[in-house]
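Chemist: Before anything else, here's the structure in question.
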Amino acid sequence: MSYSWSTSNTKEAACLGGLGFPIRTQVTQDARSGNVLTQFFIGDINVGGTTPYNRTLIIKCWHDGSLEKQFPLHPFLQGARAEHNYEMLLDAQKHGRRLRLVGVADSHATEYRDGEEAQEMINAQAVFRLADLSLVAALGTLGLPCVKIEYNGKHHIYTLPVEGHALRLEDGSTGRYNGINIAMRTAPGQKSLLIEDRDPKHPLIAAYTARRVHGELLKHLGNTGRMIILRPEGTGRKAIVTSNASGRVMDIVNNNFKI
């Protein structure tokens, strides 16, 4: 397994992690400037899944737009859309930003943009509510908009119509996803979705998985020590130590710097 390729983009790493690519992290801080660089080293082979993916090809086709043209609901794209939607919804939650869903990938999927949501969605009689912003962001990739955000003193509650915007489905027909059916949990209090067993390749799963991996990466970074770059002025020398380096190690470094 090679980890020669890296990215500093957490969202990009999460989307690749959602496809089963193993990830190694490294956080480096320059002691003089205070600048912090977070790097995610991505393995070249995905593991734990039934579908093999080519990391280099996915990134290339993503950047040149051919991935969306050939595979409009590709799992990597679904992850990227969920990440985008999450940031947009979080900003709406904090600052009251007005959002609407728009069709992308030849109307196979949707993403949030600035604007007013369609009245048929806002005034839908059949609605359901969730307290999981990541799941709401994932549902937003499939035409199911958040039409109301409320705070109950403990959690934010998100209201969505049961049936979303009409989209082109994977079989080429036109239809609407039913939010209750695809967002149903395996059991109360559980994060896993029933659809993961019913339809393992459903486009909602990839979108939601990327958000889960994103959370795991942030948690891992919070528990990982940093590599500190020491560059004392006037020495022209540099050393890299861990943030929990022992006194003995620091004595050796200082001696080499002649401090």
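Chemist: Report the Stokes-Einstein translational diffusion coefficient (µm² s⁻¹, integer) for the stretch 117-174, Rh taken as the Kirkwood radius over Cα pairs, at 4 °C with viscosity 1.567 mPa s. It would help to have the intermediate numbers written out before the result.
Modeler: Values: Rh = 12.1 Å.
Answer, rounded: 107 µm²/s.
Chemist: Continuing with this model, one more query. Please work out, to two decimal places, the log10 of the ratio I(q)/I(0) at q = 0.09, 0.17 Å⁻¹ from a Debye calculation in which every Cα of the chain carries one identical scatterer.
Modeler: Each listed q corresponds, in turn, to -0.50, -1.29.
Chemist: Out of the GluC sites (Glu not before Pro) in the stretch 159-204, which ones are loop residues according to DSSP with at most 14 other C-beta atoms within 10 Å?
Modeler: 170
Chemist: Measuring with a 1.4 Å probe in the full set of protein chains, what accessible area per residue, in whole Å², belongs to the stretch 25-183? Show your work: numbers first, answer last.
Modeler: Details: 7940 Å² over 159 residues.
On a per-residue basis, 50 Å².
Chemist: Can you compute 3J(HN,Hα) from phi for each residue in the stretch 85-95, using the Karplus curve 6.51 cos²θ - 1.76 cosθ + 1.60 with θ = phi - 60°, rounded to whole Hz and x for Gly and Pro?
Modeler: Once θ is set to phi - 60°, the couplings for the stretch 85-95 become 4, 4, 5, 5, 5, 5, 5, 5, 5, 7, 10 Hz.
Chemist: Next up: What is the ratio of the Cα radius of gyration of the stretch 1-117 to 2.2 N^0.38 Å, with N the residue count, to two decimals?
Modeler: Rounded to two decimals, the normalised Rg is 1.24.
Chemist: Which angle between 0 and 90 degrees, to the nearest 10, do you get for helix 55-64 versus the longest principal axis of the chain when only C-alpha atoms count?
Modeler: With both axes taken from Cα atoms, the answer is about 60 degrees.
Chemist: Multiply the residue gap between residue 162 and residue 127 by 0.36 nm, knock off their C-alpha separation, and tell me the result in nm, one decimal place.
Modeler: Numbers: separation 35, 0.36 × 35 = 12.60 nm, distance 0.49 nm.
Difference between extended and current length: 12.1 nm.
Chemist: Quick one: longest stretch of the chain between exposed loop trypsin sites (Lys or Arg not before Pro), exposed meaning at most 13 other C-beta atoms within 10 Å and loop per DSSP?
Modeler: Details: sites that count: 32, 97, 98, 154, 191, 201, 237, 238, 258.
Here the longest run is 33-96.
Chemist: In a solvent-free Debye calculation with one equal scatterer on each Cα, what is log10 I(q)/I(0) for the stretch 12-74 at q = 0.22 Å⁻¹, listed in the order of the q values?
Modeler: The computed values of log10 I(q)/I(0) come out as -0.92.
Chemist: Okay, next question. Compute the Kirkwood hydrodynamic radius of the stretch 66-204, taking the inverse of the mean of 1/r over all pairs of distinct Cα atoms, and give it in Å to one decimal.
Modeler: It is 15.2 Å.
Chemist: Quick one: which residues, 5 or more positions from residue 156 or on another chain, have an amide H under 5 Å from its amide H? H modelled 1.01 Å from N in the peptide plane, none for Pro or chain starts.
Modeler: The answer is none.
Chemist: OK, next. Remind me, what semi-axes does the stretch 133-211 give for its equivalent ellipsoid, largest first in whole Å, using sqrt of 5 times each Cα gyration tensor eigenvalue?
Modeler: 22, 16, 10
Chemist: Tell me, in nm to one decimal, what length is gained between residue 192 and residue 7 on full extension, where the rule is 0.36 nm per residue of separation less the Cα-Cα distance?
Modeler: Values: separation 185, 0.36 × 185 = 66.60 nm, distance 2.81 nm.
Stretched out fully, the residue 192 to residue 7 stretch lengthens by 63.8 nm.
Chemist: Hey, another quick one. Taking all protein chains in place and a 1.4 Å probe, what share, in percent, of the accessible surface of the stretch 55-167 do carbon and sulfur account for?
Modeler: Roughly 49 percent of what the probe reaches on the stretch 55-167 is carbon or sulfur.
The values are calculated or read from the model by the stated rules, or taken from the named source; none is laboratory data. Quick caveat: nothing in here was measured; it's all calculated off a predicted structure. Cβ sites come from the backbone with ideal geometry, for glycine too, and all protein chains shown count toward neighbours. Only protein heavy atoms, including side chains, enter the accessible area calculation; ligands, DNA and RNA are left aside. Shrake-Rupley method; radii C 1.70, N 1.55, O 1.52, S 1.80 Å.
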